[in-house]
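The structure appears below as structure tokens.
The values are calculated or read from the model by the stated rules, or taken from the named source; none is laboratory data. Owing to the predicted nature of the structure, the values given are computational and were not obtained by experimental measurement. Here Cβ is always computed from backbone atoms with ideal geometry, including for glycine, and neighbour counts include all displayed protein chains. Protein only, heavy atoms only, side chains kept; ligands, DNA and RNA dropped before computing areas. Shrake-Rupley method; radii C 1.70, N 1.55, O 1.52, S 1.80 Å.
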Amino acid sequence: MRVNTLKRAAVAFALALPGAAIATVVAAPAAQADGCYTWTRNLYQGRSGEDVRQLQIRVAGWAAYGAIVRIDGRYGPETAGAVKRFQSAYGLRADGIAGPQTFAKIYNLQDSDCTPKHFSYTELDNGCGKGGWSGGPLSSSATRENALRTMWKLEALRRGLGDKPLYVTSGFRNIACNSQVGGASDSQHLYGTAADVKSGTSSLCRVARTARTHGFSGIFGPGYPDHDDHVHVDSRRENNSDRTSNSKSWSAPDCEIG
Ligand SMILES: [Zn+2]
């Protein structure tokens, strides 16, 4: 699906080059779907497939308080609830059915590499100043995929904080980088499932509190050792490769969390 879309985009671009029809091409629906992923049917409870899985990745940051959205390709109540919260957050009719308006909003939010518009692979991959997704316990493609999922949750958190900039101070760290910065030996940062963030406008406590309704099963902030200058958020519940149990862990004593 993605290959086809990219190919179509490439053809459209090539056609646009010789003539004066560039404006027409830019306005075409293919440009709106932006070369990342295109949904071709409405999705609602009972449906399943790759299109559901792609949707789940993008709405996973709209889980209920303390909950997660499983990315399993099956549209159940969890997914419907997340779609509803996504829809109300963006002023759409909140019916829990993903149709043209919901997909249009997602197209509008995502870049051609499938990252949400306010976050980038580069930002999540600056561990110790080096690029690349290798050197962790997972394959680089699995790590990169985790980073993508992390970014969609961050986009939701950012929206929850009033659409003001949210800065990632540390994302993926390979094993060498993680020990260099004194990270925990089985840190979620090694898997691409974590981000340390700060906001220019919201207090760290507000960031930590808001993260509770955006699918983060790991939250550490003010009052937790070494977390007074950032909030750490992660997806440890979904991580089946680490050594921790798949349970929620929140601690920010100064914010009355945990
Ligand atoms: Zn962290």
* To do: Quote the FRET efficiency, to the nearest 0.05, computed for residue 111 versus residue 139 with a Förster distance R0 of 25 Å and r equal to the Cβ-Cβ distance.
  => 0.60
* For the stretch 58-202, state the semi-axes of the equivalent ellipsoid (square roots of 5 times the eigenvalues of the alpha-carbon gyration tensor), sorted largest first and rounded to whole angstrom. => 29, 16, 14
* What does the helix-only formula give at 222 nm for the chain: each DSSP H stretch with n ≥ 4 adding -39500 (n - 2.57), the total divided by the residues, and the result rounded to the nearest 500 deg cm²/dmol? -> -11000 deg cm²/dmol
* **Gain upon complete extension [residue 246, residue 48; 0.36 nm per residue less C-alpha separation]** => 68.9 nm
* To do: Quick one: plug the Kirkwood hydrodynamic radius of the stretch 151-258 (C-alpha pairs) into Stokes-Einstein at 20 °C, 1.002 mPa s, and report D in µm²/s.
  => 156 µm²/s
* Once both axes come from the Cα atoms, what is the angle between helix 77-89 and the longest principal axis of the chain, in degrees from 0 to 90, rounded to 10? -> 80 degrees
* Percent carbon-and-sulfur accessible area, the stretch 172-258, ignoring ligands, DNA and RNA, probe 1.4 Å -> 45 percent
* Structure fact -> In debye to the nearest 20, the charge dipole size for the chain, taken about the Cα centre with +1 at each Lys and Arg Cβ and -1 at each Asp and Glu Cβ, equals 720 debye
* Structure fact -> Debye calc, one equal point scatterer per Cα of the chain, no solvent, log10 I(q)/I(0) at q = 0.10 1/Å comes to -0.51
* Label-to-label distance, nm, for residues given as residue 181 and residue 93 (7 Å Cα→Cβ offset) -> 4.5 nm
* **By accessible area with a 1.4 Å probe, ligands and nucleic acids excluded, highest first: order of 170, 134** => 134, 170
* To do: Run a plain Debye calculation on the stretch 100-150 (Cα atoms as equal point scatterers, no solvent) and give log10 I(q)/I(0) at q = 0.13 Å⁻¹, rounded to two decimals, same order as the q list.
  => -0.37
* Asked: Angle between the Cα long axis of helix 140-160 and the longest principal axis of the chain, 0 to 90 degrees, nearest 10?
  -> 90 degrees
* To do: Could you provide, to the nearest whole Å², the per residue accessible area of the chain with probe 1.4 Å?
  => 46 Å²
* To do: For the chain, find the longest principal axis of its Cα atoms and tell me its angle to the long axis of helix 100-109, 0 to 90°, nearest 10.
  => 60 degrees
